[in-house]
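Step one of this worksheet: look at the structure below.
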Amino acid sequence: MMIFMIAATWADRIKSDPDYTTDGTHNGNRPPNNPSASQNIGYDDLARHKYWHFVDLPFTQDNTPLPPVPTPNVRTQIEAFREVLASDKPDALKSYDLSWFLHLIGDAHQPLHCTTRIGATQREGDDGGNGVKLNSPGSQILG
């Protein structure tokens with residue numbers, strides 16, 4: 001059980017590992033516009049893929065047009081990892097994908113990992129709960 005718990009938290013632990021890099025925009029919360037965003041090459045991949053941890057569905061309170069949902073995200077990656085786990089791919093890739101899969105199943109159930117507010121002053125969204133430190137000055141849980 002302890003090995004599964006360690007594996008399930010690995011995807012968050014790499015966020016502070018200096019060997020890994022933050023890819024994408026918005027401090028890594030939006031995927032880069034290149035194939036590396038959805039690559040599945042195993043442990044040789046040293047990108048943090050922070051945008052894999054959630055899917056922010058946009059909403060607006062002032063009728064600002066909603067942008068498309070960025071991909072890849074938690075939904076696309078859970079499906080991609082399920083496919084590999086059910087395949088005859090190498091065990092090393094399955095190990096990598098299992099660690100991500102375990103983590104993302106938990107992340108998919110986090111309330112702050114599911115939405116972003118769009119508005120006239122934040123046309124790209126507020127990064128939902130993915131970029132907010134709830135105890136930081138000026139942070140809002142409800143607003």
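When residue 34 is tested against (1) within 19 Å of residue 117 (Cα to Cα); (2) more than 15 Å from the chain's Cα centre (by Cα), exactly one condition is not met: (1). Taking the numbered list (1) touching a residue at least 12 places away in the same chain (Cβ under 8 Å); (2) under 20 Å from residue 12 (Cβ atoms) in turn, residue 71 passes all entries but (2).
All of 125, 42 fail the test of being on the phi > 0 side of the Ramachandran plot and in contact with a helix residue (DSSP H, G or I) (Cβ under 8 Å, 6 or more places away or on another chain), apart from 42. Taking region 1-120 as the region of interest, the helices (runs of 4 or more DSSP H) fully inside it that hold 3 or more residues being crowded, with 19+ Cβ neighbours inside 10 Å are 74-85, 91-107. Restricting region 60-107 to residues that are of a type in the set (Gly, Ala, Ser) and under 25 Å from residue 2 (Cβ atoms) leaves a set whose member that is nearest to the chain's Cα centre (by Cα) is 106. For residue 44, the criteria (1) closer than 24 Å to residue 21 by Cα; (2) at pLDDT below 95; (3) over 16 Å from the mean Cα position of the chain (by Cα) hold in every case but one, which is (2). Kindly provide the set of residues from region 40-62 that are farther than 19 Å from residue 125 by Cα and either touching a strand residue (DSSP E or B) at 6+ places or on another chain (Cβ under 8 Å) or acidic (Asp, Glu) (or both), ordered by number. Answer for region 40-62, where residues must be farther than 19 Å from residue 125 by Cα and either touching a strand residue (DSSP E or B) at 6+ places or on another chain (Cβ under 8 Å) or acidic (Asp, Glu) (or both): 44, 45, 46, 47, 48.
The values are calculated or read from the model by the stated rules, or taken from the named source; none is laboratory data. Please read these numbers as outputs of a predicted model, since none were measured by experiment. When we count neighbours, we look across all protein chains shown, and the Cβ atoms used for this are built from the backbone with ideal geometry, even at glycine.
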